[in-house]
1. Do the conditions hold for A:Val76, that is, is it modelled with pLDDT of 90 or more and closer than 27 Å to B:Tyr130 by Cα?
2. Is it the case that region B:100-112 has a residue that's more than 7 Å from chain A (Cβ to nearest Cβ) and polar (S, T, N, Q)?
3. For region A:34-58, which positions are at pLDDT below 95 and within 19 Å of A:Gly97 (Cβ to Cβ)?
4. Kindly state which strands (runs of 3 or more DSSP E) lie completely within region B:9-101 and contain at least 2 residues that are near DNA strand D (Cβ under 9 Å from one of its atoms), open to solvent by 20 Å² or more (accessible area, probe 1.4 Å) and in contact with a strand residue (DSSP E or B) (Cβ under 6 Å, 6 or more places away or on another chain).
5. Within region B:102-122, how many residues are assigned to a strand (DSSP E or B) and either of a type in the set (A, V, I, L, M, F, W, C) or touching a Pro at 6+ places or on another chain (Cβ under 8 Å) (or both)?
6. Of the residues in region B:102-125, how many are under 22 Å from B:Thr34 (Cα atoms) and crowded, with 19+ Cβ neighbours inside 10 Å?
7. Would region A:118-130 turn up any residue that is on the phi < 0 side of the Ramachandran plot and more than 9 Å from chain B (Cβ to nearest Cβ)?
8. Could you list, in sequence order, the residues of region A:59-72 that are more than 20 Å from A:Glu101 (Cα to Cα) and within 12 Å of DNA strand C (Cβ to nearest atom)?
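The values are calculated or read from the model by the stated rules, or taken from the named source; none is laboratory data. It should be emphasised that the depicted structure is a prediction, and the values quoted were computed from it without experimental measurement. Ideal geometry is used to build each Cβ from the backbone, glycine not excepted, and the neighbour counts take in all protein chains shown. Side chains included, ligands, DNA and RNA excluded: accessible areas come from the protein's heavy atoms. Shrake-Rupley method; radii C 1.70, N 1.55, O 1.52, S 1.80 Å.
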There are 2 protein chains.
Amino acid sequence: MKSFARHKTKYGLKSSSKRTFIVDFFMKAGRHFTVEELYNEIKKHRKGISYSTVYRALKLLADCGLAGESMFGDSVSRYEPISRSDHHDHLICSRCGRIIEFENGKIEQLQHNVAEKYGFSVSAHRLELYGVCRECQRKRRRK
Amino acid sequence: MKSFARHKTKYGLKSSSKRTFIVDFFMKAGRHFTVEELYNEIKKHRKGISYSTVYRALKLLADCGLAGESMFGDSVSRYEPISRSDHHDHLICSRCGRIIEFENGKIEQLQHNVAEKYGFSVSAHRLELYGVCRECQRKRRRK
DNA sequence: ATCAATAATGAAAATGAATTGCAATTTCAT
DNA sequence: ATGAAATTGCAATTCATTTTCATTATTGAT
């Protein structure tokens, strides 16, 4: 939580048990959430936390670099905890929605080369592969 | 226009000069547009075409595979004509918004390898590199 | 060419997620 | 304990997207 503390100081934030709960829950979960998903999940474990609060906590985390924000296909933002500087890319199953993360240094290197070729100074990138996961391929007897 | 004609037949569409104009304009322009951008651009060349019609034409094109739909960072959809099976990726300048397209077979191959490793059957992918373009790097004396 | 069936269009309304305003509540340094 | 300032909840707003519906245009059959 170090960088959250730093951010907290920097912007004169105060702490609250609700926000702390949200932040902890999110960081420990270690997976993707839409605001609504996180809101619903949290509702199960602790009541009296509103959607707005979850939304704002997530925004805060994104601001201080503890959460990554991204949109896959649909127009809903998804957030995921960022432990260190662990950038990773995504494999997204179009059937079940499962999201798998991966890293690949070679791809990163090639990306860098491409950017260089065009004179771009790259600060971020996103790579997403959409398809059908192994499990969904098996039980393919669906609509 | 072949695949548009096919789609037209398949879904019993009728033709109209307005839609034809939009489709032609878009396909010839050969670049990215948000619905609004295309609407404004078209307005300059021919009057009496509403936002709805542009919106619907773009959707149609996306449906029949002649236009690609994507969202970069902000939450606005952008469309681009797809000539053949020319998949390409994007370099996006965070300052001026310029979008440069590129293709890289090696990266594609590596992506394929990764997917295979996880048992994914990939049907689509997107790769975007965000940064500052050469021109914006030069005239960096801005806010 | 005329007619009926059906698609296309425009304008306005609806939708849906993201975001904000504001009053009430809580935090925290003093 | 006190007061300034942050947090929260809820309702309201925003903004792009999408849909509705009345009107107009297109097409195939006659």
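1. It is true that A:Val76 is modelled with pLDDT of 90 or more and closer than 27 Å to B:Tyr130 by Cα.
2. Taking every residue of region B:100-112 in turn, at least one turns out to be more than 7 Å from chain A (Cβ to nearest Cβ) and polar (S, T, N, Q).
3. none
4. Values: elements: B:67-71, B:77-81, B:89-93.
So the answer is B:67-71, B:77-81.
5. Matching residues across region B:102-122 total 2.
6. So the answer is 1.
7. No - not one qualifying residue is present in region A:118-130.
8. A:Lys59, A:Leu60, A:Asp63
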